[in-house]
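The values are calculated or read from the model by the stated rules, or taken from the named source; none is laboratory data. Here the structure is a predicted model, which is why all the values come from computation and not from measurement. A quick note on method: Cβ atoms are made from the backbone with ideal geometry, for glycine too, and the neighbour counts reach across all protein chains shown.
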């Protein structure tokens with residue numbers, strides 16, 4: 001069964017970084033798009049872009065290409081964009097797949113769901129960098145890409161972009177709860193993902209907000225897209241199929 | 001070491017559906033029985049059968065065949081029958097294996113251990129069907145057999161029976177806590193089992209009631225008996241051995 | 001990258017029992033030491049030895065050999081010794097790896113972190129045996145080495161030593177929190193480890209005390225060092241590398 005996937009990158013990432021994952025899905029016959037959304041494009045002004053701008057760019061992507069029956073997959077921060085875009089154009093979506101992704105309630109922003117010390121960290125970095133947040137390397141290496149060796153961890157870190165703080169602090173505006181949307185919902189959980197600490201975890205804390213959803217898990221860190229894109233793609237397919 | 005296993009099916013299931021699992025155990029030299037218990041037999045009157053009737057049919061099965069040294073394995077609702085039967089005939093049992101199964105305290109019924117929305121759902125369906133509960137397909141597909149593709153999910157669903165609501169609402173009557181029984185106890189947990197949500201999980205919430213027990217886990221959904229009976233059998237054997 | 005590992009055994013164990021794990025690490029080029037620490041040596045007087053004596057013997061081991069850049073790996077009770085020794089000689093340590101190990105706060109002893117019934121059990125056994133604690137076999141077989149068959153469980157049990165109760169009841173004395181130490185920190189969690197019940201788990205309950213740390217997990221019981229030392233070594237290497 002060939003499906004249409006749109007993969008929505010997380011913070012500091014771009015669509016290009018999801019191409020190895022997309023390639024593995026395409027090898028199984030699927031059509032896969034990996035847009036880079038507003039806020040993560042070259043020359044974006046981090047002091048002016050927020051979540052709504054980014055979500056609008058995703059809706060525009062779906063509408064411009066007139067996509068329908070989409071398996072919309074969001075990684076991490078990408079879950080914010082899934083929820084916002086699905087609220088706008090549910091008729092284009094067959095299934096939402098949250099991959100260690102945020103699932104906001106109406107009026108929540110990303111930093112409402114992270115440990116307080118992350119919020120303080122992001123605010124401090126943004127204040128000194130015109131609204132641009134970069135993740136400190138030690139956090140990246142230990143908590144985000146814990147399944148890589150040091151060389152791969154550094155090489156991947158060098159590919160990351162700055163992220164506008166507004167993507168983290170601007171709330172979603174939902175006409176209805178994501179759980180009430182008449183689309184399929186899945187949650188994909190990489191078991192060794194400690195980007196959120198396991199004491200304040202992705203699953204089931206955030207996944208439960210989806211109401212009835214399909215749960216899929218596999219081994220891997222938050223950055224399985226780098227450390228094993230083929231495994232990430234297989235798990236996405238298991239989560240995204242009918 | 002050849003052992004005697006009795007596999008106790010869950011709600012909506014029959015002994016026949018456990019035959020592929022039994023075959024894998026038999027291939028390792030074990031004797032395996034898969035009785036279909038009262039409440040899940042053809043032409044059973046769902047308005048009249050409850051947990052005690054079903055448990056009595058399990059005790060009768062053990063006594064009629066004069067089985068002893070039994071590894072008694074219960075799946076899901078089957079855990080209710082394990083606890084009730086073990087309280088009646090502990091001398092026939094070498095070890096209890098709860099496979100994503102309910103572990104009731106004295107006086108509890110199955111729906112005391114599930115999310116409130118499941119209780120309301122079951123009550124509503126039973127009220128309209130003379131006491132017969134069927135599981136809605138979307139719940140089955142997303143939360144019970146999340147590791148299957150759509151075709152297998154549908155094919156397995158078509159094999160399910162109606163379940164008497166009395167099996168869910170009638171309490172166990174235990175002379176002593178299951179933890180105090182002088183038999184071995186194991187809990188087998190399929191990691192992707194979301195028949196109970198991971199926020200109200202099988203393990204350790206219910207397994208802890210066994211006191212000292214052996215923990216075994218493997219990949220799979222609540223319906224691993226359909227999606228990978230060989231893996232299910234291997235895990236049962238690891239849980240059931242001395 | 002060849003590193004220097006020091007593997008610190010848990011209660012009832014000796015360095016010799018970690019030799020199969022060490023051999024697997026050495027096969028990858030690492031230098032590995034497995035000292036048997038005070039309290040677990042032949043003819044040790046269990047009524048007189050406590051945690052501080054044991055920790056001092058670890059510090060002495062590091063200093064006598066003038067080791068530096070050490071990957072210090074502690075299993076179970078060994079975590080108490082890691083925290084105490086790292087507080088004394090942080091300059092010798094590159095990374096701490098807690099393998100299903102205790103992570104004490106200043107002033108805590110081991111039994112402050114275990115279920116109350118274990119504390120009562122250990123106290124009772126020690127009172128009758130001049131301060132020597134042995135683990136009852138049923139607990140060992142079901143909760144510690146649940147991934148072994150009965151023969152291996154018994155054979156490994158026969159290799160265990162008595163442990164001085166003072167190693168469990170004497171507190172650590174830390175000049176600074178382990179989280180604040182300027183060394184790498186990792187937590188290795190064997191998924192089926194039920195030496196601590198999953199309702200009062202190793203991770204994230206105790207691992208969170210490390211602050212920023214790397215999380216690594218693998219299949220196995222608390223006694224993976226016996227049941228699959230090669231897998232244990234591979235996980236240690238993933239946790240211990242830069």
* **Matching residues in segment B:202-227 - criterion: being more than 16 Å from residue C:191 (Cα to Cα) and without any contact (Cβ under 8 Å) to a residue 12 or more places away in the chain** => B:205, B:208
* Asked: Somewhere in segment C:24-45, is a residue touching a helix residue (DSSP H, G or I) at 6+ places or on another chain (Cβ under 6 Å), over 23 Å from residue C:235 (Cα atoms) and in contact (Cβ under 8 Å) with a residue 60 or more places away in the chain?
  -> yes
* Structure fact -> Subset of segment C:62-77, residues in contact with a strand residue (DSSP E or B) (Cβ under 8 Å, 6 or more places away or on another chain) and more than 25 Å from residue A:150 (Cβ to Cβ), comes to C:65, C:76, C:77
* Keeping to segment C:173-210, report how many residues are within 16 Å of residue A:143 (Cα to Cα) and touching a strand residue (DSSP E or B) at 6+ places or on another chain (Cβ under 7 Å). => 10
* What is the number of the single condition among (1) touching a residue at least 60 places away in the same chain (Cβ under 8 Å); (2) away from chain C (no Cβ under 14 Å) that residue B:194 does not meet? -> (1)
* Structure fact -> In segment C:219-242, anything more than 9 Å from every other protein chain (Cβ to nearest Cβ) and not in a helix (DSSP H, G or I) is listed as C:220, C:222, C:223, C:228
* Which residue out of C:214, C:209, C:141 is modelled with pLDDT of 95 or more, within 11 Å of another protein chain (Cβ to nearest Cβ), over 18 Å from the mean Cα position of the chain (by Cα) and surrounded by 20 or more Cβ atoms within 10 Å (Cβ to Cβ)? -> C:141
* To do: Name the strands (runs of 3 or more DSSP E) wholly inside segment C:1-99 in which the number of residues that are within 12 Å of the chain's Cα centre (by Cα) and crowded, with 20+ Cβ neighbours inside 10 Å is 3 or more.
  => C:4-8, C:70-75, C:93-99
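Residues to consider are C:135, C:152; find the one that is away from chain A (no Cβ under 14 Å), out of contact with any helix residue (DSSP H, G or I) (no Cβ under 6 Å at 6 or more places or on another chain), farther than 27 Å from residue B:201 by Cβ and assigned to a helix (DSSP H, G or I).
Details: C:135 fails: assigned to a helix (DSSP H, G or I).
Checking each option against the conditions leaves just C:152.
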* Answer yes or no as to whether residue B:158 is away from chain A (no Cβ under 14 Å) and either surrounded by fewer than 22 Cβ atoms within 10 Å (Cβ to Cβ) or touching a helix residue (DSSP H, G or I) at 6+ places or on another chain (Cβ under 7 Å) (or both). => yes
* Asked: Would you pick out the residues in segment B:119-132 that are in contact with a helix residue (DSSP H, G or I) (Cβ under 7 Å, 6 or more places away or on another chain) and assigned to a helix (DSSP H, G or I)?
  -> B:119, B:122
* Residues satisfying the stated conditions in segment C:41-61, i.e. modelled with pLDDT of 95 or more and touching a strand residue (DSSP E or B) at 6+ places or on another chain (Cβ under 7 Å) -> C:49, C:50, C:58
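Out of the residues in segment B:185-205 meeting the condition of being outside any loop (DSSP other than H, G, I, E, B) and in contact with a helix residue (DSSP H, G or I) (Cβ under 6 Å, 6 or more places away or on another chain), tell me which one is surrounded by the fewest Cβ atoms within 10 Å (Cβ to Cβ).
Of everything passing the filter in segment B:185-205, B:185 is surrounded by the fewest Cβ atoms within 10 Å (Cβ to Cβ).
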* Structure fact -> When every residue in segment B:162-184 that is crowded, with 20+ Cβ neighbours inside 10 Å and part of a loop (DSSP other than H, G, I, E, B) is compared, the one farthest from the other protein chains (Cβ to nearest Cβ) is B:170
